[in-house]
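Notes follow once the structure below has been shown.
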Amino acid sequence: MKKYIKSIMMLLLGTVAFTACSSNDDDYQWASVSGEQVYFSNELAAQADLSLNATTFTVPVSRVNTSDAITVGVQLTVEDETAAAAGIFSAPSSVSFAAGQSESDVVITYDPAKLDYDKYIPLKLTITSPEYTNQYGATSYKVKVGVPAPYTSLGNGTFTDNFLFEATWNVDIRKNDINPNMYRIYAPFKSMSGAGSDYMELTLLKPGDKVYDTEVTQTGLVYFSQTNTGYHHSSYDADVYLLHPAEFQAGADESTWLHSYVVDYQADGTPGVIQLAPRYYMFGVGGWNQSQNDDVVTIVFPGFYKADYSATYEYNGVLTDPNGTVFATGSLTLGVDATNAYGIVVAEDDDEYAVADAIANGDVEATALTAGTANIPIAEGQTGNLKVVIVILDMEGKEARTVLTSSFEWYGGGANPWVSLGTGYIHDTFVITMFYEDRATEKVYDPKDYEVEILENTETPGLYRLVEPFKEAAEILGASYKAANVDVNATDAAGVYITEQATGIILSGEAQTIATWGGYMLQRYDFATLKEYGYFGQIVDGVIYFPVFNHKDSSTGEVDYTYQGIFGGYYAGVDNDEFTITLPTASASAKAQAKSRAAAASFARRLNGMASIKQAAAAKRERLMGRPVQAQLRLAASIE
């Protein structure tokens, strides 16, 4: 570690008085103890801080019999081979007591130029004159000594974890006295878990800095040290850590760090708010990748007022007023400081952040909004795939602080390209089998079959839309539900996939998404590569089948389960890999088989009652934490 300063006050090890026991029991035969009885107090510190401004520190040695002047042999052992070879420490071979003196000091000399910050070196001091000791006193003393990094407390800030603990608590935040770009959050998770790392170190990156082999090009990014949350996952006997994405091969590119940055600065240049987007990880097991999400971990520094620019928006549909003006309407909630709210309808593929900047710069005129019902005009000629963009500007109205979007379709300005093909069927192993599992026997229940209306896009043949395919699943689960269609891209009959989309199912307040594995992997790889390696489904006789993938145990390399995709961020189709979609255009025999399964499933539900098979949605995390999508996506070795 680089040395930053040359001045810290020397810390002397304190002394503790020795007290002897007494008894009034005259019949007890006490052991006879004679001699000087020289010893080390058992209350000496196990670790001591040294100073770069000093060259010595002392260790007290005590004795019981103080009648005579004596000299006692001592020996210093440096229990670190590198430090011993460097000759950092030395000590005299004896310590002297004057007549009547009960305590004397061994003066240990050290070379401060050879010490690094926060590297504590183990030392052992031993009394080598046995004639002056006794069996009841410690004849050796072990201590770790080093120079603490120079940090000054800024006071208490707040630490918010919105993923693992879903809470906010106070933390001690300290600034490096020499390097203004380094801060520490002390005992960051102790308030929640009672354990964890002693501190989390934050480094404000600047262009030219390097994180491993990657050179930083942007200002404001933040690197944070590996931090143990103290949360112990009992199923895996492993602690959950926070890791910066750069710790993973997939995070070597700076573009994967963009969600860990300084959100606001204070007037003196100190951060006001820092947000971190970590990977929650259990070594040897896997974890949960939050590195591309905002507001996962938020740190507010002491003295900073965090303005509340929060907002939520729920799209409710399209309405037309008596004057013929068409609006996208929705419900808007605003934080206390979100007084500059604006909305606009744009094309679905427009960059919402570019739109937000244009609104802030005055280059685009948007509709001013207040909390409550938000009606945003749809411009004449706008049609097809659109989205509402809600922008919250700061109190000065100069910078976008919150950006929300909600996609929708509107064909009032043109022909609707979606036409119904009729009734199809889903054989569901993605949603239902995630919950219908007997943990004691590890029995996976049979998949469920639903009827579903299927549309096809006339402008893009082979692009199918399943109309609210998981509405019935939500009813079975007893979950909240918001209408959602799921699009299936089968424009290439040998390369069929579902990208990550909402299912309409809401569990524990979170909207759950679905994707086949090939569709999910399109985030990272191109279509041609994924198709070559068999990551997509195919249509056979009017039925869409999706491939099966093996999940391997990270410690043994053995296949421990199979899967087909994801549901709600967890592996789906686990050990029951029959997720299929029967199109209305399928052969008569295929449709008859699917229809028969759906009818049987519907009858069984009516006969047994839904209550007997419901699982508590509130326990979702506990049930599924064992099979989250891994922090580092795995693809065939030949692609990697």
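Can you name the condition, by its number, that Thr429 falls short on among (1) modelled with pLDDT under 90; (2) closer than 30 Å to Gly317 by Cα?
With (1) modelled with pLDDT under 90; (2) closer than 30 Å to Gly317 by Cα applied to Thr429, the lone miss is (2).
From the set of residues in the stretch 461-479 that are in a helix (DSSP H, G or I) and open to solvent by less than 40 Å² (accessible area, probe 1.4 Å), which is nearest to Asp428 (Cα to Cα)? Spell out the reasoning first.
Within the stretch 461-479, the subset in a helix (DSSP H, G or I) is 471-477.
Subsequent filtering for residues that are open to solvent by less than 40 Å² (accessible area, probe 1.4 Å) retains 473-474, 476-477.
Working: Ala473: 9, Ala474: 12, Ile476: 13, Leu477: 14 Å.
The qualifying residue nearest to Asp428 (Cα to Cα) is Ala473.
Take the residues in the stretch 103-113 that are in contact with a Pro (Cβ under 8 Å, 6 or more places away or on another chain) and among the aliphatic types (A, V, I, L, M), then tell me which one is least open to solvent (accessible area, probe 1.4 Å). I'd like the intermediate steps shown before the answer.
Just the residues of the stretch 103-113 that are in contact with a Pro (Cβ under 8 Å, 6 or more places away or on another chain), to begin with: 103-107.
Within this subset, residues satisfying the condition of being among the aliphatic types (A, V, I, L, M) are 106-107.
On the way: Val106: 2, Val107: 65 Å².
The residue in question is Val106.
Looking only at the stretch 244-275, which residues are in a strand (DSSP E or B) and touching a residue at least 60 places away in the same chain (Cβ under 8 Å)? Spell out the reasoning first.
Restricting attention to the stretch 244-275, the residues satisfying the condition of being in a strand (DSSP E or B) are 261-265, 271-275.
Within the stretch 244-275, Pro271, Ile274 meet the criteria.
How about the stretch 45-74: which of its residues are of a type outside the set (Gly, Ala, Ser), closer than 21 Å to Gly146 by Cβ and open to solvent by 50 Å² or more (accessible area, probe 1.4 Å)? Write out each step before concluding.
From the stretch 45-74, those of a type outside the set (Gly, Ala, Ser) are 47, 49-50, 52-53, 55-61, 63-66, 68, 70-72, 74; that's our starting set.
Now narrow it down to the ones that are closer than 21 Å to Gly146 by Cβ: 47, 49-50, 52-53, 55-60.
Scanning the stretch 45-74 gives Gln47, Asp49, Asn53, Thr55.
Does the stretch 538-561 contain any residue that is modelled with pLDDT under 90, out of contact with any helix residue (DSSP H, G or I) (no Cβ under 7 Å at 6 or more places or on another chain) and either under 30 Å from Asn316 (Cβ atoms) or of a type in the set (Val, Ile, Thr) (or both)?
Yes: one or more hits.
Scanning for something hydrophobic (A, V, I, L, M, F, W, C), under 23 Å from Gly284 (Cα atoms) and touching a strand residue (DSSP E or B) at 6+ places or on another chain (Cβ under 9 Å), does the stretch 204-212 turn up at least one residue?
Looking through the stretch 204-212, none of the residues is hydrophobic (A, V, I, L, M, F, W, C), under 23 Å from Gly284 (Cα atoms) and touching a strand residue (DSSP E or B) at 6+ places or on another chain (Cβ under 9 Å).
Quick one: which residue in Gln564, Gln501 is buried (at least 16 other Cβ atoms within 10 Å of the Cβ), free of Cβ contacts under 8 Å to residues at least 24 places away in the same chain and not β-branched (Val, Ile, Thr)? Please lay out each step first, then the result.
Working: Gln564 fails: free of Cβ contacts under 8 Å to residues at least 24 places away in the same chain.
The unique qualifying residue is Gln501.
Given the criteria modelled with pLDDT of 95 or more and among the hydroxyl-bearing types (Ser, Thr, Tyr), does Thr320 qualify? Break it down into steps so the answer makes sense when it comes.
Details: modelled with pLDDT of 95 or more: no; among the hydroxyl-bearing types (Ser, Thr, Tyr): yes.
Here the answer is no, as Thr320 does not meet what is asked.
Does the stretch 297-308 contain any residue that is open to solvent by less than 30 Å² (accessible area, probe 1.4 Å) and closer than 24 Å to Gly568 by Cβ?
Looking for residues that are open to solvent by less than 30 Å² (accessible area, probe 1.4 Å) and closer than 24 Å to Gly568 by Cβ, one finds at least one in the stretch 297-308, hence yes.
Looking only at residues that are closer than 25 Å to Gly509 by Cβ and assigned to a strand (DSSP E or B) in the stretch 154-205, which one is nearest to the chain's Cα centre (by Cα)?
This residue is Asp161.
Within the stretch 371-382, can you find the residues that are crowded, with 17+ Cβ neighbours inside 10 Å and either outside any strand (DSSP E or B) or in contact with a helix residue (DSSP H, G or I) (Cβ under 9 Å, 6 or more places away or on another chain) (or both)?
Ile378, Gln382
Looking at Tyr280, is it hydroxyl-bearing (Ser, Thr, Tyr) and either closer than 26 Å to Ile392 by Cα or open to solvent by 30 Å² or more (accessible area, probe 1.4 Å) (or both)? So that I can check it myself, show each step before the final result.
Working: hydroxyl-bearing (Ser, Thr, Tyr): yes; either closer than 26 Å to Ile392 by Cα or open to solvent by 30 Å² or more (accessible area, probe 1.4 Å) (or both): no.
Taking the combined requirement at face value, the residue does not satisfy it.
Can you work out which of the residues in the stretch 330-339 that are open to solvent by 60 Å² or more (accessible area, probe 1.4 Å) and not in a strand (DSSP E or B) is nearest to Glu396 (Cα to Cα)? Let's see the steps before the verdict.
Of the stretch 330-339, the ones open to solvent by 60 Å² or more (accessible area, probe 1.4 Å) are 333, 336, 339.
Subsequent filtering for residues that are not in a strand (DSSP E or B) retains 336, 339.
Numbers: Val336: 14, Thr339: 10 Å.
The qualifying residue nearest to Glu396 (Cα to Cα) is Thr339.
For the stretch 367-402, how many residues are of a type in the set (Val, Ile, Thr) and under 19 Å from Tyr353 (Cβ atoms)? Write out each step before concluding.
Taking the stretch 367-402 as the starting set, the residues that turn out to be of a type in the set (Val, Ile, Thr) are 367, 370, 373, 376, 378, 383, 388-392, 402.
Retained after the next criterion (residues that are under 19 Å from Tyr353 (Cβ atoms)): 367, 376, 388-392, 402.
The total comes to 8.
List the number of the failed condition for Ala368; all other conditions in (1) at positive phi; (2) open to solvent by 60 Å² or more (accessible area, probe 1.4 Å) hold.
Going through the list (1) at positive phi; (2) open to solvent by 60 Å² or more (accessible area, probe 1.4 Å), Ala368 breaks only (1).
In this structure, is Val388 among the aliphatic types (A, V, I, L, M), more than 30 Å from Gln593 (Cβ to Cβ), modelled with pLDDT of 90 or more and open to solvent by less than 20 Å² (accessible area, probe 1.4 Å)?
Values: among the aliphatic types (A, V, I, L, M): yes; more than 30 Å from Gln593 (Cβ to Cβ): yes; modelled with pLDDT of 90 or more: yes; open to solvent by less than 20 Å² (accessible area, probe 1.4 Å): yes.
When the stated conditions are applied, Val388 passes them.
Give the residues of the stretch 284-329 that are farther than 24 Å from Phe159 by Cα and outside any strand (DSSP E or B), sorted by residue number. So that I can check it myself, show each step before the final result.
Restricting attention to the stretch 284-329, the residues satisfying the condition of being farther than 24 Å from Phe159 by Cα are 284-286, 313-329.
Passing the criteria: Gly284, Val285, Asp321, Pro322, Asn323, Gly324, Thr325.
Would you pick out the residues in the stretch 344-354 that are open to solvent by 20 Å² or more (accessible area, probe 1.4 Å), of a type in the set (A, V, I, L, M, F, W, C) and in contact (Cβ under 8 Å) with a residue 40 or more places away in the chain? Can you show your working first?
To start, the set of residues in the stretch 344-354 that are open to solvent by 20 Å² or more (accessible area, probe 1.4 Å) comprises 344, 347-354.
Filter once more, so that each one left must be of a type in the set (A, V, I, L, M, F, W, C): 344, 347, 354.
Once the filter is applied, which keeps residues that are open to solvent by 20 Å² or more (accessible area, probe 1.4 Å), of a type in the set (A, V, I, L, M, F, W, C) and in contact (Cβ under 8 Å) with a residue 40 or more places away in the chain, the stretch 344-354 yields Ile344, Ala347.
From (1) of a type outside the set (Val, Ile, Thr); (2) free of Cβ contacts under 8 Å to residues at least 24 places away in the same chain; (3) exposed (fewer than 14 other Cβ atoms within 10 Å of the Cβ); (4) in a strand (DSSP E or B), pick out the condition that doesn't hold for Gly208.
(4)
From (1) among the aliphatic types (A, V, I, L, M); (2) surrounded by fewer than 16 Cβ atoms within 10 Å (Cβ to Cβ); (3) touching a residue at least 12 places away in the same chain (Cβ under 8 Å), pick out the condition that doesn't hold for Ile544.
Here Ile544 meets the rest and fails (2).
For every residue, the table says whether it meets (1) touching a residue at least 60 places away in the same chain (Cβ under 8 Å); (2) open to solvent by 50 Å² or more (accessible area, probe 1.4 Å); (3) under 30 Å from Gly35 (Cβ atoms).
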site	(1), (2), (3)
Glu81	no, yes, no
Ser93	no, yes, yes
Leu115	yes, no, no
Tyr120	yes, yes, no
Pro130	no, yes, yes
Gln135	no, yes, yes
Thr158	yes, no, no
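Here is a list of conditions, (1) within 49 Å of the chain's Cα centre (by Cα); (2) open to solvent by less than 60 Å² (accessible area, probe 1.4 Å); (3) not aromatic (Phe, Trp, Tyr), and Gly100 meets all of them except one; can you say which number that is?
Unmet for Gly100, out of (1) within 49 Å of the chain's Cα centre (by Cα); (2) open to solvent by less than 60 Å² (accessible area, probe 1.4 Å); (3) not aromatic (Phe, Trp, Tyr): (1).
The values are calculated or read from the model by the stated rules, or taken from the named source; none is laboratory data. Since the model is a prediction, treat every value here as computed from it, not as a measurement. All Cβ positions, glycine included, derive from the backbone under ideal geometry; neighbour counts span all protein chains shown. SASA here: full protein model, heavy atoms, side chains in, ligands and nucleic acids out. Shrake-Rupley method; radii C 1.70, N 1.55, O 1.52, S 1.80 Å.
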